[in-house]
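First the structure, in the form of structure tokens, and then the observations on it.
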């Protein structure tokens, strides 16, 4: 059974694609994600870390076993390892807490273990700011320039756009 985490761009809200996964130990990983919106182009880093063990299946509310097919343009697969036995674990449910924070409910896929735990996936930082951010930065820079320099910059931008 395959699972996919849907991560959304913190800049524009569109879906992002995981382009790189770096593991640090059994329970932690860093994900580099690129916004699928070509007008935005935001590249962000997210951190995933172990939160706690689920003591009883009742702590996971209505875990659905629905199949989520991986995307066609999926570049990298994000794999979690069981914190108990170290084998491959399966994400059974994701909850988007905030634009920049997710909770992952995870179960060990090994039949003898079946350990359940919770991991957190949090936005860390932007690698490449989205198009909206760079446009606002340029506007702010131009706004605070002296009037004579401001007009020179505006004229230079118009020339570059031709």
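The values are calculated or read from the model by the stated rules, or taken from the named source; none is laboratory data. What you are looking at is a predicted structure, and each value in this text was computed from that prediction instead of being measured. No Cβ is skipped: glycine too gets one built from the backbone with ideal geometry, and neighbour counts run over all protein chains shown.
Looking at residue 26, is it assigned by TED's automatic domain parsing to the domain that holds residue 79 and either closer than 22 Å to residue 108 by Cβ or at pLDDT below 80 (or both)?
Numbers: assigned by TED's automatic domain parsing to the domain that holds residue 79: yes; either closer than 22 Å to residue 108 by Cβ or at pLDDT below 80 (or both): yes.
Taking the combined requirement at face value, the residue satisfies it.
Here residue 98 qualifies as out of contact with any strand residue (DSSP E or B) (no Cβ under 7 Å at 6 or more places or on another chain), at pLDDT 75 or above and under 24 Å from residue 19 (Cβ atoms).
One line per residue, one yes/no per condition, for (1) touching a strand residue (DSSP E or B) at 6+ places or on another chain (Cβ under 8 Å); (2) surrounded by 15 or more Cβ atoms within 10 Å (Cβ to Cβ); (3) under 19 Å from residue 51 (Cα atoms); (4) at pLDDT 80 or above:
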| residue | (1), (2), (3), (4) |
| --- | --- |
| 76 | yes, no, no, no |
| 84 | yes, yes, yes, yes |
| 94 | yes, yes, yes, yes |
| 107 | yes, yes, yes, yes |
| 117 | yes, yes, yes, yes |
| 121 | yes, yes, yes, yes |
| 129 | no, yes, no, no |
| 149 | no, no, no, yes |
| 159 | no, no, no, yes |
